[in-house]
Amino acid sequence: MNQNSLCSMNDLSVDEILSILNDARLFNSSYSDWQLPLKKCLVANLFFEPSTRTHYSFESAELQLGCKVVDFNAETSSVTKGETFFDTIKTFEMVGYDAFVIRHPKTEYFKELEEIQVPILNAGDGAGNHPTQCLLDLLTMQNEFGTLKGLKIVICGDILHSRVAASNKSTLERMGSEVRFCGPEEWERPGYPTMPLDEAVEWADVVMMLRIQRERGATLAHLTKEQYLQRYGLTKERYNRMKKHAIVMHPAPFNRDIEIDSDLVEAPKSRIFEQMANGVLVRKAVLKRAFGFAPFEEK
């Protein structure tokens, strides 16, 4: 596999993570007009699962960098004729594409693609990894607090099925943060330390809510939406007990009045839409890295 692929946050050292975050920040200031100095940078976005934010923020990043972009549609491809996942990706490599952005429902799908020499950027794999979401979360926290070291973060909701929870846990711990989890017992993960939500909202610097991953089998069979919000969601009462400097985050899509009270999505402590904007900056940074360009130097 190409050395500039990004399949998991484990592909990156702490220094590489900080370098990507710095590039992303500079894309928002002194390097805002920077484009890939290549005559040929043809990128294929291959999404085998639905996506709005990840898909179109990658596409925005690609176009801003001067890439030529093609979106793959599995429903109109030879996948419907029985073509394997590997053969589909290999086809794009052989017809001249220079980088791939791939989302797939299979956890660690990228292990099937080790022979592919074109850089692969993982846009989400099953319940496994979501490296660019993790990076944009880190950027949002770093912009807010100036550092990740010593931060207290609680991630709330459907932990079992969440690739965001998985990527963020190991990475935030490497960056010196303290991470806890809360949600229904049936959605806990072994090795993920938990605490009660009512205690967590007073303890945390960052309260990150997660949606219920129904597409991966999570259900609310025994609870109404209103009951889930009261037991496991961010209500106005819990929001009011957060630390004065604490912030609310959510990887989205968010389900209003289920995991978060609708009025809190755009409340003063919310950074949910800021996360989306940061997603474009981070994805510009990882695309730049994928094409082999060195980190920016401060101007």
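The values are calculated or read from the model by the stated rules, or taken from the named source; none is laboratory data. The model shown is predicted, which means the values in this text are computed figures rather than measured ones. No Cβ is skipped: glycine too gets one built from the backbone with ideal geometry, and neighbour counts run over all protein chains shown. Keep in mind that these areas ignore ligands, DNA and RNA; they rest on the heavy atoms of the full protein, side chains included. Shrake-Rupley method; radii C 1.70, N 1.55, O 1.52, S 1.80 Å.
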* **Simple Cβ-charge dipole of the chain, Lys/Arg +1 and Asp/Glu -1, about Cα centre, in debye nearest 20** => 400 debye
* If you keep only loop residues by DSSP, which GluC sites (Glu not before Pro) in region 201-299 have at most 16 other Cβ atoms within 10 Å of their Cβ? -> 266, 297, 298
* **Residue-wise HN-Hα coupling along region 262-277, computed from phi with Karplus coefficients 6.51, -1.76, 1.60 (Hz; x: Gly, Pro)** => 3, 5, 8, 4, 10, 6, x, 7, 6, 10, 5, 6, 5, 4, 5, 4
* Asked: Using mean Cβ contacts within 10 Å as the protection proxy, how do 154-163, 29-38 order, highest first?
  -> 154-163, 29-38
* residue 129's amide H: which non-local residues (gap 5+, or another chain) put their own amide H closer than 5 Å, with H modeled 1.01 Å from N in plane and none for Pro or chain starts? -> 108
* To do: Quick one: work out the % antiparallel among DSSP beta bridges in the chain, nearest 5.
  => 5 percent
* Asked: What relative contact order, as a whole-number percentage, does the chain give when Cα pairs under 8 Å and 6 or more residues apart are counted?
  -> 22 percent
* **In degrees, nearest ten, helix 131-145 long axis to first principal axis of the chain (Cα)** => 50 degrees
* List, in order, the whole-Hz ³J(HN,Hα) value for each residue of region 60-72 obtained from phi through the Karplus relation with A = 6.51, B = -1.76, C = 1.60 and θ = phi - 60°; use x for Gly and Pro. => 4, 4, 4, 5, 5, 7, x, 6, 9, 10, 10, 9, 8
* Charge tally in the Cβ shell below 10 Å around residue 251, where Lys, Arg are +1 and Asp, Glu are -1, residue 251 excluded -> +2
* **Residue (of 150, 229, 135) at the positive-pole extreme of region 129-245, dipole from beta-carbon charges** => 135
* To do: Mind jotting down the distance between the C-alpha centroids of region 1-55 and region 60-105, whole Å?
  => 17 Å
* Structure fact -> Sorted by chain and number, the residues with a modelled amide H under 5 Å from that of residue 194, at a separation of 5 or more or across chains, are 181
* **In order through region 152-159: 3J(HN,Hα) via Karplus (6.51 cos²θ - 1.76 cosθ + 1.60), integer Hz, x for Gly, Pro** => 10, 10, 10, 10, 10, x, 7, 6
* Between residue 8 and residues 5 or more places away or on another chain, which pairs have amide H atoms under 5 Å apart, with H built 1.01 Å from N, and which residues are they? -> none
* Asked: Rounded to the nearest whole Å², what accessible area per residue is found for the chain with the 1.4 Å probe?
  -> 43 Å²
* Asked: By average Cβ neighbour count within 10 Å, what is the ranking of 134-140, 194-200, 73-79 from highest down?
  -> 134-140, 194-200, 73-79
* Check: region 97-144 dipole with +1 on Lys, Arg Cβ and -1 on Asp, Glu Cβ, in debye -> 120 debye
* Once label points are set 7 Å from the Cα along Cα→Cβ at both residue 298 and residue 15, what is their separation, rounded to one decimal in nm? -> 1.8 nm
* At R0 = 41 Å, FRET efficiency that the Cβ-Cβ distance of residue 231 and residue 266 yields, to 0.05 -> 0.95
* Mean ellipticity per residue at 222 nm, deg cm²/dmol - from DSSP H runs of n ≥ 4 across the chain, formula -39500 (n - 2.57) -> -10500 deg cm²/dmol
* Structure fact -> The relative contact order of region 43-109, taking Cα pairs under 8 Å that sit 6 or more residues apart, comes to a percentage of 54 percent
* **Dipole magnitude (debye, nearest 20) for region 64-209, charges at Cβ of Lys, Arg, Asp, Glu** => 320 debye
* Structure fact -> Inter-part gap, Cα centre of region 220-276 to Cα centre of region 106-166, in whole angstrom, is 20 Å
